[in-house]
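Enquirer: Let me begin by handing over the structure; questions about it come next.
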Amino acid sequence: MELEFDREVTHCYEVAASGTVCQEETLETIVPDACPDILRIVAVCAQATLNGKQARDGLAEASGSVRAVVLYQPEEGGGLRRLEAALPFTSQMDAPTLTQQGMVSACARVRGAEARALNPRKVLLRVDLAVEITAFQPTENMCCQAVLEPEEHKVEQMIAQAETYQLSAVQEKPFTFTDQIRLNGGQGEGMEVMACQAQTVCGECKLIGSKLIFKGTVELQLLVQEAGGALTPYRESMPFSQVMEIPGVGEGSECQMDLELTQFTCLPSG
């Protein structure tokens, strides 16, 4: 006797690889001609941003750059000077079941940064970087629901309800926004932003039907040098909210949101 089963196929994702890649990036940079010679390096500020992710056959890849700002005292005296450089990076993780149809999620962070003056006109930068990578591969799950034509084959069936959890959608939405912040207590003219770091924070994330609504803030840390040379730190929050369409999710679905900074600029406004 041959029986034919009633099967249902669901489309979902599986995690092909997940982990953290730690690596070190170094760069030698020259002090521009318009800047004075270095007497002493005071501090290094570094921010990692992503600019690309790619799923390959058996390999997940993420790339980006670390923007480093070196603050130093010049030999000629006066206030601090800044030297900016970009350190590109590429991180890879083995994912044997991943294909080019997969998706890659990544998050890069700087664990430490240092700078050493090789001479008054040359600086060696060293950055300790950690890149969290997760690769998702689309797949199909097949579930047997019953036997077709059970009466004809005189088959009795016991049917029970059960719950299963699967990753039904993996999506991303790039977006940009701008905001203005007022630096209280500053003197206005002669102020200079010496260093700026940003961190994204997701405050709320929920599904309403097929729409994902998420809100959060970008937390800014600024170091401003006043006209007289005094340094003043600032902390500011820039709120944002977004709506994202997620097809294929049903009622009662749960969601998880990761925010990653890909680019930011901090410029004085007139």
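Enquirer: For residues that are more than 30 Å from E14 (Cα to Cα) and either among the acidic types (D, E) or within 52 Å of the chain's Cα centre (by Cα) (or both), tally how many sit in the range 140-154.
Expert: Qualifying residue count, the range 140-154: 3.
Enquirer: Specify which of the listed residues (I30, I41) is touching a Phe, Trp or Tyr at 6+ places or on another chain (Cβ under 6 Å) and either assigned by TED's automatic domain parsing to the domain that holds T134 or touching a residue at least 40 places away in the same chain (Cβ under 8 Å) (or both).
Expert: Just a single option satisfies the conditions, and that option is I41.
Enquirer: Something else: Check L183 against each of (1) of a type outside the set (V, I, T); (2) outside the structural domain of T265 (by TED's automatic domain parsing); (3) surrounded by 14 or more Cβ atoms within 10 Å (Cβ to Cβ); (4) not in a strand (DSSP E or B) and name the one condition it does not meet.
Expert: Here L183 meets the rest and fails (2).
Enquirer: Among the residues of the range 156-182, write down those that are modelled with pLDDT under 80 and either hydrophobic (A, V, I, L, M, F, W, C) or over 30 Å from V15 (Cβ atoms) (or both).
Expert: E156, Q157, M158, I159, A160, A162
Enquirer: Tell me, yes or no, whether the range 152-161 has at least one residue that is out of contact with any Asp or Glu (no Cβ under 7 Å at 6 or more places or on another chain) and not in a loop (DSSP other than H, G, I, E, B).
Expert: For the range 152-161, residues out of contact with any Asp or Glu (no Cβ under 7 Å at 6 or more places or on another chain) and not in a loop (DSSP other than H, G, I, E, B): present.
Enquirer: Another question about this same structure. Quickly run through the range 148-181 and pick out the residues that are within 30 Å of L220 (Cα to Cα) and of a type in the set (S, T, N, Q).
Expert: Q171, T176, T178, Q180
Enquirer: Among the residues of the range 137-150, is there at least one that is touching a Leu at 6+ places or on another chain (Cβ under 7 Å) and touching a residue at least 24 places away in the same chain (Cβ under 8 Å)?
Expert: Yes, some residue in the range 137-150 is touching a Leu at 6+ places or on another chain (Cβ under 7 Å) and touching a residue at least 24 places away in the same chain (Cβ under 8 Å).
Enquirer: Of these, S241, S237, which one is within 22 Å of the chain's Cα centre (by Cα), modelled with pLDDT of 85 or more, closer than 30 Å to L83 by Cβ and loosely packed, with under 13 Cβ neighbours inside 10 Å?
Expert: Criteria check complete, one pass: S237.
Enquirer: Only one residue in Q166, Q197, Q171 is of a type outside the set (K, R), surrounded by 10 or more Cβ atoms within 10 Å (Cβ to Cβ) and out of contact with any strand residue (DSSP E or B) (no Cβ under 6 Å at 6 or more places or on another chain), so which one is that?
Expert: Checking each option against the conditions leaves just Q171.
The values are calculated or read from the model by the stated rules, or taken from the named source; none is laboratory data. Quick caveat: nothing in here was measured; it's all calculated off a predicted structure. Virtual Cβ from ideal backbone geometry, glycine too; neighbours counted across all protein chains shown.
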